[in-house]
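Here's the structure we're looking at; comments come further down.
The values are calculated or read from the model by the stated rules, or taken from the named source; none is laboratory data. Please read all numbers here as calculations on a predicted model, not as lab measurements. Cβ placement follows ideal geometry from the backbone for every residue including glycine, while neighbour counts extend to all protein chains displayed. Heavy atoms of the whole protein, side chains included, go into the accessibility calculation; ligands, DNA and RNA do not. Shrake-Rupley method; radii C 1.70, N 1.55, O 1.52, S 1.80 Å.
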Amino acid sequence: MKMMYDITMSVSAQTAPFPGDTPFSLEWVWTMEMGGSCNVSRIVMSPHVGTHGDSPYHYGSEGGKTEEVPLDVYVGEALVLDVPRDIGPLITREFVEAQLKNTAGTPARVLFKTDSYPDPAVFNTDFTAIAPEAVHFLAGLGVRLIGIDTPSVDPADSKTLDAHGVFLTRGVYILENLRLQDVPAGRYELIALPMKIEGSCAAPVRAILRSL
Ligand SMILES: [Zn+2]
């Protein structure tokens, strides 16, 4: 039987947004308790809260919006790589190169398990991000999607978003806020399709990994 991992962050009013960004909230428009014929809620959130796919438009005015992202990027074989907690602020090109040296062919999707953003209710700023050169290297191998278990592929205090810039120029897509703590490193099938929200800079995904 195929093993399935839910690698999606649970979203609630307790989920910490990026500082200054819109948190998640849910309120009731109609309730059966109040005599309505059904329960209907209304949600307000930044699409960057919880597990999501960034649209290229998020980091480049010429980039595609959510409804334009290619879906095949978000479905297919993925490699989960363990990143040691003491690697420092960035996943370097050297680290990625060494990890992939003995790998027979890198799949088009690579997910970094850093365990550096453990509590979704607390926005810690010292999470591990990705060096722009590492993105260049993976793009050169044919990687089209990179995911990470932190709120950003760039450091929390970055204003220049250098890694995001390389994703844009190399045409590699981004998944953020994955939950990988229960997933052993290795190869899986990833399914993480972004919600089709027109004009958006990002969209929530329900992300799962299945054993091959
Ligand atoms: Zn984002």
(request) Hey, can you tell me all the residues within the stretch 166-205 that are in a loop (DSSP other than H, G, I, E, B), crowded, with 20+ Cβ neighbours inside 10 Å and in contact with a Leu (Cβ under 8 Å, 6 or more places away or on another chain)? (result) Val172, Leu178, Leu180, Ala192
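On the basis of being crowded, with 18+ Cβ neighbours inside 10 Å and of a type in the set (Lys, Arg), does Lys65 make the cut?
Numbers: crowded, with 18+ Cβ neighbours inside 10 Å: no; of a type in the set (Lys, Arg): yes.
When the stated conditions are applied, Lys65 does not pass them.
State all residues of the stretch 129-171 that are of a type in the set (Ser, Thr, Tyr) and within 13 Å of the chain's Cα centre (by Cα); if no residue qualifies, say none. If you could, list the steps in order and put the result at the bottom.
Keep residues of the stretch 129-171 that are of a type in the set (Ser, Thr, Tyr), which gives 150, 152, 158, 160, 169.
Scanning the stretch 129-171 gives Thr150, Ser152.
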(request) Return yes or no: is Val73 modelled with pLDDT of 95 or more, over 23 Å from His58 (Cα atoms), crowded, with 19+ Cβ neighbours inside 10 Å and out of contact with any helix residue (DSSP H, G or I) (no Cβ under 8 Å at 6 or more places or on another chain)? (result) no
(request) Within the stretch 11-50, work out how many residues are of a type in the set (A, V, I, L, M, F, W, C) and either assigned to a loop (DSSP other than H, G, I, E, B) or under 14 Å from the mean Cα position of the chain (by Cα) (or both). (result) 10
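Just the residues that are open to solvent by less than 50 Å² (accessible area, probe 1.4 Å) and in a loop (DSSP other than H, G, I, E, B), please, taken from the stretch 1-10. Let's see the steps before the verdict.
Applying the first criterion (open to solvent by less than 50 Å² (accessible area, probe 1.4 Å)) to the stretch 1-10 yields 5, 7-9.
Answer for the stretch 1-10, where residues must be open to solvent by less than 50 Å² (accessible area, probe 1.4 Å) and in a loop (DSSP other than H, G, I, E, B): Ile7, Thr8, Met9.
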(message) The conditions are (1) loosely packed, with under 14 Cβ neighbours inside 10 Å; (2) under 16 Å from the mean Cα position of the chain (by Cα), and Gly53 fails exactly one of them. Which is it?
(response) (1)
(message) Pull out all pairs, ordered by first then second residue, where Cβ-Cβ is under 8 Å, the residues are six or more apart or on different chains, the first lies in the stretch 189-212 and is farther than 18 Å from Glu68 by Cα and within 14 Å of the ligand (Cβ to nearest atom), and the second is open to solvent by 40 Å² or more (accessible area, probe 1.4 Å) and not hydroxyl-bearing (Ser, Thr, Tyr).
(response) Ala207/Asp6; Ala207/Ile191
(message) On the basis of being among the acidic types (Asp, Glu), more than 22 Å from Val205 (Cβ to Cβ) and surrounded by 15 or more Cβ atoms within 10 Å (Cβ to Cβ), does Glu94 make the cut?
(response) no
(request) Collect the residues in the stretch 5-52 that are more than 16 Å from the ligand (Cβ to nearest atom) and among the hydroxyl-bearing types (Ser, Thr, Tyr), keeping them in residue-number order. (result) Tyr5, Ser10, Ser12, Ser25, Thr31, Ser37, Ser41
(message) Report every pair of residues separated by at least 6 positions or lying on different chains whose Cβ atoms are under 8 Å apart, first residue within the stretch 145-158 and under 17 Å from Val80 (Cα atoms) and more than 12 Å from the ligand (Cβ to nearest atom), second among the β-branched types (Val, Ile, Thr) and not in a strand (DSSP E or B).
(response) Leu145/Val73; Leu145/Val172; Ile146/Val135; Ile146/Val153; Ile146/Val172; Asp149/Thr114
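Within the stretch 53-60, does at least one residue satisfy the condition of being assigned to a helix (DSSP H, G or I) and away from the ligand (no atom under 11 Å from the Cβ)? Quick ask: steps written out before the conclusion?
Initially, the stretch 53-60 is screened for residues assigned to a helix (DSSP H, G or I), giving 56-58.
Going one step further and asking which of them are away from the ligand (no atom under 11 Å from the Cβ), we end up with 56-57.
The answer is yes; a qualifying residue exists.
Name the residues in the stretch 21-38 that are over 30 Å from Ala156 (Cβ atoms) and open to solvent by 70 Å² or more (accessible area, probe 1.4 Å), would you? If you could, list the steps in order and put the result at the bottom.
Residues of the stretch 21-38 that are over 30 Å from Ala156 (Cβ atoms), as a first pass: 28-38.
Passing the criteria: Trp28, Val29, Trp30, Met32, Glu33, Met34, Ser37.
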(request) Please work out which residue is most open to solvent (accessible area, probe 1.4 Å), limiting yourself to the stretch 110-131 and to residues that are in contact with a Lys or Arg (Cβ under 9 Å, 6 or more places away or on another chain) and under 16 Å from Asn177 (Cβ atoms). (result) Asp115
